[in-house]
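The values are calculated or read from the model by the stated rules, or taken from the named source; none is laboratory data. Quick caveat, the model's predicted, so the values are computed rather than measured. FYI the Cβ positions are ideal-geometry reconstructions off the backbone, even for glycines, and counts take in every protein chain you see.
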Amino acid sequence: MSASTIREDDQATTALRSKVTTTKKKKARRPSPRRSRWLPYLLLLPAVIMELLIHIVPMLVGIWMSFIKLTKIYIANWSAAPWAGLQNYAIAVDFDASIGAALLQSFLVTAAFSLLALGISWGLGMAAAVALQQPFRGRGLVRTIFLVPYALPAYAGILTWNFMLQRDTGLVNHVLVDNLHLTGDRPFWLLGGNAFASIVTVAVWRLWPFAFLSLMAGLQSIPADLYEAAAVDGAGNLRQWRHITLPSLRPVNLVLILVLFLWTFNDFNTPYVLFGNGQPPGGDLISFHIYNASFLTWNFGIGSAMSVLLLLFLFVVTAAYLLITRERNTTPKGASKPAPKAPARTEDSHA
């Protein structure tokens with residue numbers, strides 16, 4: 001046997017060994033079907049555990065508390081609290097009694113607050129987003145300034161408004177009374193009927209930048225050709241906004257309105273930081289009312305029943321809103337489908 005033949009056999013043997021080794025490595029690296037099947041669930045497990053600990057478990061405990069007479073007498077031993085059944089709910093919805101009447105008044109105040117704060121925030125956000133759609137020098141700076149209230153911590157911003165709305169030392173009365181001389185007496189902005197105007201103002205100041213940011217992002221997806229074609233056809237700015245901007249922003253508006261409603265109806269930070277433990281009728285939002293009904297009277301059973309009723313109300317409103325908007329987005333069954341267009345005639349088809 002010649003040396004060249006031996007050399008070729010060695011090369012073939014080496015190539016075969018390397019191929020076998022590579023195949024074994026590929027087989028070793030391939031994950032088992034069982035491992036690949038359970039991997040997504042293992043990755044989701046930490047998020048599920050945190051969701052259970054932060055939201056689900058406290059909600060279930062609150063529902064259980066609404067069926068027992070949990071007062072300050074049994075606060076140290078919840079298991080000893082007597083069973084109340086639906087009695088806490090009956091007390092909460094008894095609008096002829098003091099507790100039910102106060103809850104109904106708080107609900108009406110919260111509904112008016114949510115509608116006003118939502119409407120004004122959406123209007124300001126839409127106006128600012130449309131106004132800043134066209135490029136100009138300093139547009140980035142203006143956008144940044146508009147987003148400052150949303151970037152500030154909630155407690156810091158509301159505390160600043162609390163100082164500004166003080167009767168004797170606040171900036172608002174200093175400008176309105178001392179500088180502009182619009183009123184003779186210094187009004188109380190955090191007491192009485194003025195508390196409602198104050199809390200709406202603070203909520204709008206906090207929420208409208210979020211509406212502005214959402215609508216501004218939605219405007220970026222509208223092609224500029226639509227506005228150019230409308231301008232050529234003679235449509236003014238108002239008609240362009242009505243027939244192009246609003247329909248194009250419908251998906252954004254559907255989500256934005258729902259989020260703003262849930263935020264405003266559940267708002268607790270604004271009245272708590274703005275009014276403290278005080279409970280002016282004009283600023284008695286329902287989350288703040290439930291907190292005071294629970295921790296000031298130490299009747300956690302009735303407070304939990306109020307919370308469950310609020311949860312059910314928001315669930316029904318959200319479900320109805322999603323159902324109505326979904327029906328409007330779908331085509332009615334009785335509507336006729338448009339006829340298909342005839343294919344364009346070409347020279348080949350004509351021939």
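Tell me, yes or no, whether region 248-258 has at least one residue that is under 25 Å from Y291 (Cβ atoms), surrounded by fewer than 18 Cβ atoms within 10 Å (Cβ to Cβ) and either in contact (Cβ under 8 Å) with a residue 40 or more places away in the chain or in contact with a Leu (Cβ under 9 Å, 6 or more places away or on another chain) (or both).
Within region 248-258, one or more residues are under 25 Å from Y291 (Cβ atoms), surrounded by fewer than 18 Cβ atoms within 10 Å (Cβ to Cβ) and either in contact (Cβ under 8 Å) with a residue 40 or more places away in the chain or in contact with a Leu (Cβ under 9 Å, 6 or more places away or on another chain) (or both).
Looking at (1) in a loop (DSSP other than H, G, I, E, B); (2) surrounded by 14 or more Cβ atoms within 10 Å (Cβ to Cβ), which is the only condition I75 fails?
(2)
Can you tell me which residue within region 78-112, out of those that are aromatic (F, W, Y) and in a helix (DSSP H, G or I), is modelled with the lowest pLDDT?
Here is the first cut: in region 78-112, the residues aromatic (F, W, Y) are 78, 83, 89, 95, 107.
If we keep only those that are in a helix (DSSP H, G or I) too, we end up with 78, 89, 107.
On the way: W78: 79, Y89: 93, F107: 95.
Residue satisfying both the conditions and the ranking: W78.
Just to check your reading of the model, which residue among G236, G184, G170, G192 is over 28 Å from the mean Cα position of the chain (by Cα), touching a residue at least 40 places away in the same chain (Cβ under 8 Å) and either over 25 Å from T325 (Cα atoms) or exposed (fewer than 14 other Cβ atoms within 10 Å of the Cβ) (or both)?
None of the other options fit; the residue is G192.
Based on this model, can you work out whether T160 counts as surrounded by fewer than 17 Cβ atoms within 10 Å (Cβ to Cβ) and either modelled with pLDDT of 90 or more or not in a loop (DSSP other than H, G, I, E, B) (or both)? Write out each step before concluding.
Values: surrounded by fewer than 17 Cβ atoms within 10 Å (Cβ to Cβ): yes; either modelled with pLDDT of 90 or more or not in a loop (DSSP other than H, G, I, E, B) (or both): yes.
Yes.
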